[in-house]
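A short worksheet on the structure shown next.
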Amino acid sequence: MTASLEDVHKRISLQKTALPVMYGDIDFSMVPERYTDDLAVSSMKDYAKKFPPPPADMVERVKAYTMLGDITADAYAALMPEYGFKRLVDMLTTACAEGIDAVPDAPPELVALIAEMETKPDWLDMDLVREGARLNRLPMAETSPWMIRGAFLATFLNKYTALPMALTGTLSHSTASRRVNETATFFTITTLPGALEPRGEGFKAAAMVRLMHSMVRFNVLRRVKGWDQSVYGIPIPQVDQMPAGLIDVFLLAFKMVEEGRTEFTPEERARVEFSRYRCVLLGLPEDLLMDTPQGIIDIMNARSGSIRAGFDDETCGALVRATLATYLPPTKSLGNQIHNALERRLARLVLVKSFLGGNSQMARDIGVPVGPLDYAVAAILFPMIATKMAVYSAALKVPGLRGLVDRHLVAKLRRLLVRYGHAEFTTDASAYRQAAPAVPAE
């Protein structure tokens, strides 16, 4: 059931009284500079003509959620002064792996977080989620290793949403590498068999991501001088989780609308339900998780259209350059060096084609020039990737081969997880830097 806007605002206001240690100084009646209702100055300004304006109710809902953190996970993260960072992580991992009863004297905030994650929405069909996970294993195994850096670069194109990443020390090459690999790890783990069930690997990873984001909010609001809520609002609001969680189904829905289709096929519906439930585990309000192609497009565009455009080189440019330059593989073997060099060139094209609307001049302006060698690499690798995808897809449709191929893909995903390394999903407050003075929007 969709919450009324009145209930949404009550939930947002509750943060101040429920968690004064984090939100006591936040004025939730203030509309931060990052928010705009003018598409002409928003991050969607270059695409607005391609889409009809989102419904007014969605626009208002996105505006409200711009000031919502993750109340349940935030309350648990706020125990850091009492329990310490390591103990919070240890208790959470134990509760996810063995159940809340396995944690002696579990604090009520942890009990509430696990209970919330174990509560399934009324609309949820876990059979569809399991099928969606199975269908996502192929692209995660064959496409994602070549695309993850390019998609990650897209998260740094706006100064209002990128600042928390800059403050947490992600400007260094080593930290950038860890964040990219952790992102790849999370999305890969969630596609494994049974991963999103309670006690599953993806369930635990989602809980750790929630805690990491809440720790960032706690540390930024408590430790970072110069965080200006009148400009940036609160760090990592819930609406900023939408692109990572819903980009795949947004692209699917956009393609369907272009084709004149309004209903998902059974396979498409499974992919959508998988992505929606993964977002639920990450703490996104169900109000933001539409279940029709047009609804998905509208809510994603409402979010994009709500963020004021803004790119500053000190924050966005530095993050882009650090992420593009970082070395992702675990070792310096010749094979890994070749893969990293090729993948880095594809990342440039992924960013330009998928997130900059093909604007190569804009890419140059932000420090991601695309040249003939990048296109030459893509001309060789993209057909190879497409061919492998087609062969696997055909084999997965053959009854006698389907199980065998799926087990092969699971084994390949396991090897990729080893390549990505152990994901800690944590944030080191000692590495945080202070925010630079905010520059007024033009």
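The values are calculated or read from the model by the stated rules, or taken from the named source; none is laboratory data. If you're wondering where the values come from, they're calculated on a predicted model, not measured in any experiment. Positions of Cβ are backbone-derived with ideal geometry, glycine not excepted, and every protein chain shown enters the neighbour counts. These accessible areas exclude ligands, DNA and RNA; they are computed on the full protein's heavy atoms, side chains included. Shrake-Rupley method; radii C 1.70, N 1.55, O 1.52, S 1.80 Å.
3J(HN,Hα) along the range 325-332, derived from phi through the Karplus expression 6.51 cos²θ - 1.76 cosθ + 1.60 where θ = phi - 60°, amounts to 7, 5, 9, 8, x, x, 9, 9 Hz, with x in place of Gly and Pro.
Along the positive direction of the dipole of the chain (beta-carbon charges: Lys, Arg +1; Asp, Glu -1; about the Cα centre), which of Val220, Ala390, Gly403 reaches farthest? Comparing the listed Cα positions along the dipole, Ala390 ranks first.
Each Lys and Arg contributes +1 and each Asp and Glu -1, all at the Cβ; summed about the Cα centre of the chain, the dipole is approximately 1760 debye. Taking every DSSP helix (H) stretch of at least 4 residues in the chain, weighting each as -39,500 (n - 2.57) and dividing the sum by the residue count yields a mean residue ellipticity at 222 nm of -19000 deg cm²/dmol. Once backbone amide H atoms are built at 1.01 Å from N, Tyr35 has Arg308 as its partners under 5 Å, excluding neighbours fewer than 5 places away on the same chain.
Along the positive direction of the dipole of the range 262-344 (beta-carbon charges: Lys, Arg +1; Asp, Glu -1; about the Cα centre), which of Thr326, Ile299, Leu284 reaches farthest? The Cα lying farthest towards the positive end belongs to Thr326. Charged side chains reduced to their Cβ positions (Lys and Arg at +1, Asp and Glu at -1) give the range 182-293 a dipole of some 680 debye around its Cα centre. Straight-distance candidates among the lysines for linking to Lys388, with alpha-carbon spacing under 24 Å and chain neighbours fewer than 8 residues away dropped: Lys255, Lys353, Lys397, Lys412. The listed residues Tyr420, Tyr65 rank as Tyr420, Tyr65 when sorted by accessible area, largest first, using a 1.4 Å probe. Ordered from highest to lowest accessible area with the whole protein assembly present and a 1.4 Å probe, Phe203, Phe382 read as Phe382, Phe203. Taking Cα centre as origin and charging only the Cβ of basic (Lys, Arg, +1) and acidic (Asp, Glu, -1) residues, the dipole magnitude of the range 305-358 rounds to 220 debye. To put it simply, the accessible area of the chain at a 1.4 Å probe is 58 percent carbon and sulfur. Across the options Ala253, Ser354, Leu342, the greatest Cα extent toward the positive end of the charge dipole of the chain (unit charges at beta carbon of Lys, Arg, Asp, Glu) belongs to Leu342. For Ile338, the accessible surface of its heavy atoms amounts to roughly 90 Å² (probe 1.4 Å, protein chains only, rounded to the nearest 10). Stretched out straight at 0.36 nm per residue, the stretch from Thr387 to Thr2 would grow longer than its current Cα-Cα span by 134.4 nm.
Once you put a point 7 Å from the Cα of Leu334 and another 7 Å from the Cα of Lys397, both along the Cβ direction, what distance in nm separates them? Result for the modelled spin labels: 4.0 nm.
The label-point distance for Asp313 and Leu404, in a model that sets each label 7 Å from Cα toward Cβ, rounds to 5.7 nm.
Taking 0.36 nm per residue of sequence separation and removing the Cα-Cα distance, the Lys225/Asp46 pair yields an extension gain of 61.1 nm. Accessible surface of Trp123, taken over heavy atoms with a 1.4 Å probe and every protein chain present, rounds to 70 Å². Working from label points 7 Å from Cα in the Cα-to-Cβ sense, the Ile247 to Ala376 distance is 2.8 nm. Available extension along the chain between Lys16 and Lys86 is 22.6 nm, counting 0.36 nm per residue and deducting the alpha carbon span.
Between Ser42 and Ala309, the built amide H atoms are under 5 Å apart, and every one of these is 5 or more places off in sequence or on another chain.
Only lysine pairs 8 or more places apart, or on different chains, with alpha-carbon atoms under 26 angstrom apart are counted in the range 1-112, and they number 5. The calculated FRET efficiency for the pair Glu118 and Thr292, based on their C-beta separation and a Förster distance of 30 Å, comes to about 0.65. Largest first, the residues His408, His339, His422 sort by 1.4 Å accessible area into His422, His408, His339. Glu131 exposes around 50 Å² of accessible area when a 1.4 Å probe is run over every protein chain in place.
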